[in-house]
2 protein chains.
Amino acid sequence: MDIVALREKNPEHWMKSTAIRALALDAVAGANSGHSGMPMGMADVATVLFEKHMKFDVSAPNWPDRDRFILSAGHGSMLIYSLLYLMGDSQVTLDQIKNFRQMGALTAGHPENFLIDAVETTTGPLGQGIANAVGFAMAEEIQRAQYGRKLVDHKTYVIAGDGCLMEGISQEAIGLAGRHSLGNLIVFWDNNNITIDGSVELSDRTNQVNRFRASGWHVQEIDGHDPEAIDEAIEAAKKTKRPSMIACKTHIAIGHAAQDTSKGHGALTDAEQLAAAKELYGWPGDAYEVPADVKSQWEAIGSRGAAEREAWEARFADAGSGKRARFERAYALEAPRKLSATIRNLKKQISEEQPSVATRKSSEMALAAINPIMPETVGGSADLTGSNNTKTEDLGIFDTNNRKGRYIYWGIREHGMAAAMNGMALHGGMRPYGGTFFCFTDYARPSMRLAALSKIPTVFVMTHDSIGVGEDGPTHQPVEHLAICRATPNTYVFRPADSVETAESWEIALTSKETPSVLALTRQNLPTLRTEHKLKNLTAQGAYVLADAEGDRQAILIATGSEVSVAMEAKKLLEAEGIGTRVVSMPCMELFAAQDETYRRKILPPGKSVRVGIEAAVRAGGWDQWLLGERARAGKSDFVGMDSFGASAPAGELFEKFGITAANVVKKVKALL
Amino acid sequence: MDIVALREKNPEHWMKSTAIRALALDAVAGANSGHSGMPMGMADVATVLFEKHMKFDVSAPNWPDRDRFILSAGHGSMLIYSLLYLMGDSQVTLDQIKNFRQMGALTAGHPENFLIDAVETTTGPLGQGIANAVGFAMAEEIQRAQYGRKLVDHKTYVIAGDGCLMEGISQEAIGLAGRHSLGNLIVFWDNNNITIDGSVELSDRTNQVNRFRASGWHVQEIDGHDPEAIDEAIEAAKKTKRPSMIACKTHIAIGHAAQDTSKGHGALTDAEQLAAAKELYGWPGDAYEVPADVKSQWEAIGSRGAAEREAWEARFADAGSGKRARFERAYALEAPRKLSATIRNLKKQISEEQPSVATRKSSEMALAAINPIMPETVGGSADLTGSNNTKTEDLGIFDTNNRKGRYIYWGIREHGMAAAMNGMALHGGMRPYGGTFFCFTDYARPSMRLAALSKIPTVFVMTHDSIGVGEDGPTHQPVEHLAICRATPNTYVFRPADSVETAESWEIALTSKETPSVLALTRQNLPTLRTEHKLKNLTAQGAYVLADAEGDRQAILIATGSEVSVAMEAKKLLEAEGIGTRVVSMPCMELFAAQDETYRRKILPPGKSVRVGIEAAVRAGGWDQWLLGERARAGKSDFVGMDSFGASAPAGELFEKFGITAANVVKKVKALL
């Protein structure tokens, strides 16, 4: 690479982009860890993007109509930290750059949206960013249709590397963006031909250009170090109505001894090589030092968007007060005031009518009441609409000719759906929920974890939540998935027992601001158990006494979801034999664990009574804390559930086969007494 | 669709293929559940494939050099069951067809390899089959190079639907197959333009032909109901040296009222419509009835391969006895006799030299000893070779010009790697292992579950197993992944504490026949704790007393992996204060739980001593059973671990921050006493 020629061709651009390179080199060397090469290679693209195209105001990084910038190749975090520092971001100070990857710094190893306002999404696990971006771009389309172009009209830019494009999730993202002609989505592919193991050819020879074209993308190929070519390509990408991929041929770790090698991917910490690279760059000064003129040019870039922001604020002030209120409420993740009354009315109606329906159907009933009063909800399913019961009449189908549509046919793409939903929520102004079979939590898992880690209140509607799936057999029957979701920090796992608890679960999920929710719902019909209407949301306490012992309490049955009715049946049998039995419904273990000890002891009184947990899933799903802990009488508890995978047969026969029956619960209680 | 024209054009083919259609209709109607339309649509392709191309002998469905047939679109299970019944498979009798999806039947809702010998792999979760097939084809290439074309020379055929191709994992499979020019892999795409939600266009407009071509595949497009076109396409596919995709334009539920609709995807149970379809087909007889001439034609197809099998058996008998023994041993999943001595020698050497290394490095040391004596191992990594330490000198790199290579650069494709490893193991004769970061268990999760469900002893080498990851931060730091793996039935989760336990874990993993193994290994160095050589594999008991209390035992510390040395340090501090402390190392909870109660009580004696569990992960990972259960003194136990996601900082500081230190363990013990 002829660095001198690059320097001479456009010296001003060169110094601006090299500021990123130098900071990346210094910060990684300082941390003695990180990834130097990617920020160095993509510095030219990032510089042109922010200098000439990004609608961005560093003084207001969360202004709603800004362009979004997503670093899907999150390991190159110093690219975004350098940009923010150079532009004068109030959070990413020089001190933060110097503390890159250190305890308590905002400049974490990978960019984290919950630490830095200007970081749109947490990336690092590869392919997530590009799939988040599909959600950002969809959210923009929907809101543009909802609020008008004067209030919503922006682009989503992504930098993705070879790793992102090799991960399967990228295909789901590419397919979705192509299908929906997301013309405001522009992806830069950092085509540097290097992965950790060596050259890309070691593991892939896919022609990425043809691959993107096969899904209907607009594609350009450019020299990623030529500022004019970059500018022209972005200009062209902004004009097309299709999603756009710009293949940027770059040199990883450009100008460093490790250029174009897999070593260049990682931490370049050798002091002599670092100095040699800076010399070749013509970069003056000490570590972390940026010449004043370069810094002030960057600061000017940082405030380029201020006028646009002010113009937008004026337009926003002119918008009707109703529209403004709705917009602000949605962006603040505030539920409409009507929500709680709506839920209460629904609960009352259910308690009166006492339907016997599957909780997936109960969920549809809740959504039918909620969606009309919450225009920020966006529903969808990974090709199981009729099974997940996620679609309500009023939503309309999101499509190229109906951008107002709030229901998305995600296709057979659980992972892409989950990542895009995260993106929609992070974009702001939207409350996405989406469905698949609970067993396919597995496919969506990397994005579900990121929802929890990044504090995104996405709602995952997971139906067919046990062996109740029946004939489809063990490949479709979750047994360990409640355990998986419950083991994940910052996740609400709801397993409602009837239509009332389902409505209550939805209310909590849709008022959560920082915690994703998993709704585990049945395929099979369940009786209404909450036949007495209560204003209070009992699910919010995680667990409560559904039915108390008639006489002296000898046993406590704790159950969730479809097994609460098994517990109620067992109670009847036990009481008939004079064994006083309390039934505790526990729709959300996390919320119960969060109650104070007084409440928990009220529900699960210490000692005396024997306890049996009932859940058509593995005991490892958090049960021991209630059966052995919480001052239970040692040894005086048992569990009725699954300790193997399921089988293929009618659901009723499977519950018999695996012993998840009232008779078996009775047997266990009596054995304990 | 002009059914009459199809019937008349090739009546004999029509009746054979319609036998599949009729059986699928009858069995689904009988079960009142299942998927009728796909077997009906792909019956012509399957018929031509088995009649003219598949090297298959129904009397010996596991003959090693047979062609493999993989139904990636596993919901169409009646296709494979019909084929097997028609050809005279000894397991899939008419009775089984009549009991489709019923309790105890081999004919489960989705095809399960562990129920029916002729079913190569368990499918249903979409995209798995096509990715398994990549592993089958790789295994064939490697073994052809190892044993010669006379013993190994067969094809892998796959039927994949739109669902398989929309799942991201398909892109990982397509990229791998293209990269490695897997010429013996032939995929039929059931191009029926229907998904559950409606037409494919609702969610995707990808040009699949161009997509496969972009990854170097040979692609043909044919009418999937034209037997001559099918035959010619297979012929051409067999000749090319590239992987081949045959796009078969088909009509789902052909000839039925639900043809070409999403209703046709599911269970077609209406008796009148069923009768009308059979009438249109010209299909005589009652339900489940197949005309004798058609049945005998199919039985002839079933034994077409017998002569080829016998010729192979003769060639096999002529092969050298060493080669035969090696082949048979590998297919029987028997470890070489030398393995246990090799492991013992390594353990002895470690106990003497007492290296302080990361367990990922210990794993490499074990592999360096194992790989040369086990030619059936195949290693690899999802682009983290240098970090996972999965590559040993002797393996060689698998490539188009080195089919003997036993190390695979999987690229950034954890999911595809896991599925392909499952395929390799299912092919027979191979012991695959592959690495990624433990956190990216998430990406591989659907295939890891299928390994457990399908009883495949794949080995997942998961390094960087805790906050010990350090600066890369919470996106790369597992906290819930031990819980996830342990909650999954039929999975060994090893978290070895030092190089000796790592070697022992490998021995168990490589002698397991029906259980996959997860090796959770550290990034950071650990001292050797097993300094006294023992012949016995102590890890095989799951847990053991590493160091007993010096005086009166007051505390038991139970720890795994990197935290065992924390426990040893805490013991030292406690003993100094006169608190007798036992340290139990628990490298594998599943194996400990499988011991008899006598042994378990010997390690964790009831009552008296207080217990503290130590693991840099969430307590939900199975800890309560040892801390609250197993006759622990109620309330007299505690846990030192994680209850949140991690953070980005140097590893040592993180262990301090989250309190996973000897000092904190001491504090907890003293608080309990």
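For region B:634-653, enumerate the residues that are over 34 Å from the mean Cα position of the chain (by Cα) and either hydrophobic (A, V, I, L, M, F, W, C) or at the interface with chain A (Cβ under 8 Å from one of its Cβ atoms) (or both). Please lay out each step first, then the result.
Kept after step one, since they are over 34 Å from the mean Cα position of the chain (by Cα), are these residues of region B:634-653: B:634-638, B:649-650, B:652-653.
Across region B:634-653, the qualifying residues are B:Ala634, B:Gly635, B:Ala649, B:Pro650, B:Glu653.
Filter region A:480-511 for residues that are surrounded by 24 or more Cβ atoms within 10 Å (Cβ to Cβ) and either facing chain B (nearest Cβ under 7 Å) or more than 23 Å from the chain's Cα centre (by Cα) (or both) and give the result.
If the condition is that a residue be surrounded by 24 or more Cβ atoms within 10 Å (Cβ to Cβ) and either facing chain B (nearest Cβ under 7 Å) or more than 23 Å from the chain's Cα centre (by Cα) (or both), then A:Glu480, A:Ala483, A:Ile484, A:Arg486, A:Ala487, A:Thr488, A:Ala497, A:Asp498, A:Ser499, A:Val500, A:Glu501 are the ones that fit.
Filter region B:519-565 for residues that are modelled with pLDDT of 95 or more and of a type in the set (Gly, Ala, Ser) and give the result.
B:Ala520, B:Ala540, B:Gly542, B:Ala543, B:Ala547, B:Ala549, B:Ala555, B:Ala559, B:Gly561, B:Ser562, B:Ser565, listed by residue number.
Let's see how each residue does on (1) of a type in the set (S, T, N, Q); (2) within 14 Å of chain B (Cβ to nearest Cβ):
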| residue | (1), (2) |
| --- | --- |
| A:Ile3 | no, no |
| A:Ser17 | yes, no |
| A:Leu23 | no, no |
| A:Gly41 | no, no |
| A:Val45 | no, no |
| A:Leu84 | no, no |
| A:Val92 | no, no |
| A:Gln102 | yes, yes |
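Quick one: B:Gln273 ticks every box in (1) within 14 Å of another protein chain (Cβ to nearest Cβ); (2) surrounded by fewer than 19 Cβ atoms within 10 Å (Cβ to Cβ) except a single one, so which number is it?
It is condition (1) that B:Gln273 fails.
Based on what the data block shows, is A:Val584 among the aliphatic types (A, V, I, L, M), within 14 Å of another protein chain (Cβ to nearest Cβ) and in contact with a helix residue (DSSP H, G or I) (Cβ under 7 Å, 6 or more places away or on another chain)? Give the steps one after another, and end with the answer.
Values: among the aliphatic types (A, V, I, L, M): yes; within 14 Å of another protein chain (Cβ to nearest Cβ): no; in contact with a helix residue (DSSP H, G or I) (Cβ under 7 Å, 6 or more places away or on another chain): yes.
Spelling it out, it is not the case that A:Val584 is among the aliphatic types (A, V, I, L, M), within 14 Å of another protein chain (Cβ to nearest Cβ) and in contact with a helix residue (DSSP H, G or I) (Cβ under 7 Å, 6 or more places away or on another chain).
Given the condition within 26 Å of A:Ile169 (Cβ to Cβ) and either β-branched (Val, Ile, Thr) or more than 12 Å from chain B (Cβ to nearest Cβ) (or both), answer yes or no: does some residue in region A:56-67 qualify?
Let us first name the residues in region A:56-67 that are within 26 Å of A:Ile169 (Cβ to Cβ), namely A:66-67.
Imposing the further condition that a residue be either β-branched (Val, Ile, Thr) or more than 12 Å from chain B (Cβ to nearest Cβ) (or both) reduces the set to A:66-67.
Scanning region A:56-67 turns up at least one residue that is within 26 Å of A:Ile169 (Cβ to Cβ) and either β-branched (Val, Ile, Thr) or more than 12 Å from chain B (Cβ to nearest Cβ) (or both).
Given the options B:Gly183, B:Gly178, B:Gly163, name the one that is among the small types (Gly, Ala, Ser), under 25 Å from B:Gly429 (Cβ atoms) and within 7 Å of chain A (Cβ to nearest Cβ). Working first, answer last.
Working: B:Gly183 fails: within 7 Å of chain A (Cβ to nearest Cβ); B:Gly163 fails: under 25 Å from B:Gly429 (Cβ atoms).
Testing whether each residue is among the small types (Gly, Ala, Ser), under 25 Å from B:Gly429 (Cβ atoms) and within 7 Å of chain A (Cβ to nearest Cβ) leaves just B:Gly178.
Going residue by residue through region B:258-267, is there one that turns out to be farther than 22 Å from B:Ser199 by Cα and assigned by the TED database to the domain that holds B:Gly34?
Residues of region B:258-267 that are farther than 22 Å from B:Ser199 by Cα, as a first pass: none.
Within region B:258-267, none of the residues are farther than 22 Å from B:Ser199 by Cα and assigned by the TED database to the domain that holds B:Gly34.
Answer with yes or no whether B:Ala173 is touching a residue at least 40 places away in the same chain (Cβ under 8 Å) and out of contact with any strand residue (DSSP E or B) (no Cβ under 8 Å at 6 or more places or on another chain).
Working: touching a residue at least 40 places away in the same chain (Cβ under 8 Å): yes; out of contact with any strand residue (DSSP E or B) (no Cβ under 8 Å at 6 or more places or on another chain): yes.
When the stated conditions are applied, B:Ala173 passes them.
Within region A:298-311, work out how many residues are part of a helix (DSSP H, G or I), crowded, with 18+ Cβ neighbours inside 10 Å and not hydrophobic (A, V, I, L, M, F, W, C).
Taking region A:298-311 first, the residues part of a helix (DSSP H, G or I) are A:298-302, A:306-311.
Still in the running and crowded, with 18+ Cβ neighbours inside 10 Å: A:298, A:301-302, A:309.
Add one more test, that the residue is not hydrophobic (A, V, I, L, M, F, W, C), and what stays is A:302, A:309.
The number of residues fulfilling the criteria is 2.
Can you tell which of A:Ala60, A:Ala19 is modelled with pLDDT of 95 or more and either under 30 Å from the mean Cα position of the chain (by Cα) or surrounded by fewer than 21 Cβ atoms within 10 Å (Cβ to Cβ) (or both)?
Going through A:Ala60, A:Ala19 in turn, the sole match is A:Ala60.
Taking region A:186-231 only, how many residues are surrounded by fewer than 19 Cβ atoms within 10 Å (Cβ to Cβ), acidic (Asp, Glu) and within 26 Å of A:Leu176 (Cα to Cα)?
The qualifying residues number 1.
Scan region B:122-137 and tell me whether some residue there is farther than 28 Å from B:Leu202 by Cα, aromatic (Phe, Trp, Tyr) and either surrounded by fewer than 24 Cβ atoms within 10 Å (Cβ to Cβ) or facing chain A (nearest Cβ under 9 Å) (or both).
Taking every residue of region B:122-137 in turn, none turns out to be farther than 28 Å from B:Leu202 by Cα, aromatic (Phe, Trp, Tyr) and either surrounded by fewer than 24 Cβ atoms within 10 Å (Cβ to Cβ) or facing chain A (nearest Cβ under 9 Å) (or both).
Take the residues in region A:390-420 that are more than 9 Å from chain B (Cβ to nearest Cβ) and among the β-branched types (Val, Ile, Thr); name whichever of them is nearest to the chain's Cα centre (by Cα). Break it down stepwise before answering.
Applying the first criterion (more than 9 Å from chain B (Cβ to nearest Cβ)) to region A:390-420 yields A:390-396, A:398, A:400-407, A:417-420.
Still in the running and among the β-branched types (Val, Ile, Thr): A:390, A:392, A:400.
Numbers: A:Thr390: 18, A:Thr392: 23, A:Thr400: 24 Å.
That would be A:Thr390.
Would you call A:Val290 aliphatic (A, V, I, L, M), assigned to a loop (DSSP other than H, G, I, E, B), over 34 Å from the mean Cα position of the chain (by Cα) and modelled with pLDDT of 95 or more? Walk me through how you get there before you give the answer.
Numbers: aliphatic (A, V, I, L, M): yes; assigned to a loop (DSSP other than H, G, I, E, B): yes; over 34 Å from the mean Cα position of the chain (by Cα): yes; modelled with pLDDT of 95 or more: yes.
Considered against the rule, which asks whether it is aliphatic (A, V, I, L, M), assigned to a loop (DSSP other than H, G, I, E, B), over 34 Å from the mean Cα position of the chain (by Cα) and modelled with pLDDT of 95 or more, A:Val290 comes out as yes.
Does at least one position in region B:280-301 carry a residue that is touching a Phe, Trp or Tyr at 6+ places or on another chain (Cβ under 7 Å), of a type in the set (Gly, Ala, Ser) and within 24 Å of B:Ile20 (Cβ to Cβ)?
Taking region B:280-301 as the starting set, the residues that turn out to be touching a Phe, Trp or Tyr at 6+ places or on another chain (Cβ under 7 Å) are B:301.
Of the ones still in play, those that are also of a type in the set (Gly, Ala, Ser) are none.
For region B:280-301, residues touching a Phe, Trp or Tyr at 6+ places or on another chain (Cβ under 7 Å), of a type in the set (Gly, Ala, Ser) and within 24 Å of B:Ile20 (Cβ to Cβ): absent.
Which number in (1) touching a Ser or Thr at 6+ places or on another chain (Cβ under 6 Å); (2) outside any strand (DSSP E or B); (3) crowded, with 24+ Cβ neighbours inside 10 Å marks the one condition that B:Val461 misses?
(2)
Looking at the structure I just gave you, is A:His256 touching a residue at least 24 places away in the same chain (Cβ under 8 Å), outside any helix (DSSP H, G or I), touching a Ser or Thr at 6+ places or on another chain (Cβ under 7 Å) and under 30 Å from A:Gly30 (Cα atoms)?
Details: touching a residue at least 24 places away in the same chain (Cβ under 8 Å): yes; outside any helix (DSSP H, G or I): yes; touching a Ser or Thr at 6+ places or on another chain (Cβ under 7 Å): no; under 30 Å from A:Gly30 (Cα atoms): yes.
In short, no.
The values are calculated or read from the model by the stated rules, or taken from the named source; none is laboratory data. Note that the structure is a prediction, hence the values are computed from the model and not measured. Quick reminder, even Gly has a Cβ in these numbers, built from the backbone with ideal geometry, and neighbours come from all protein chains shown.
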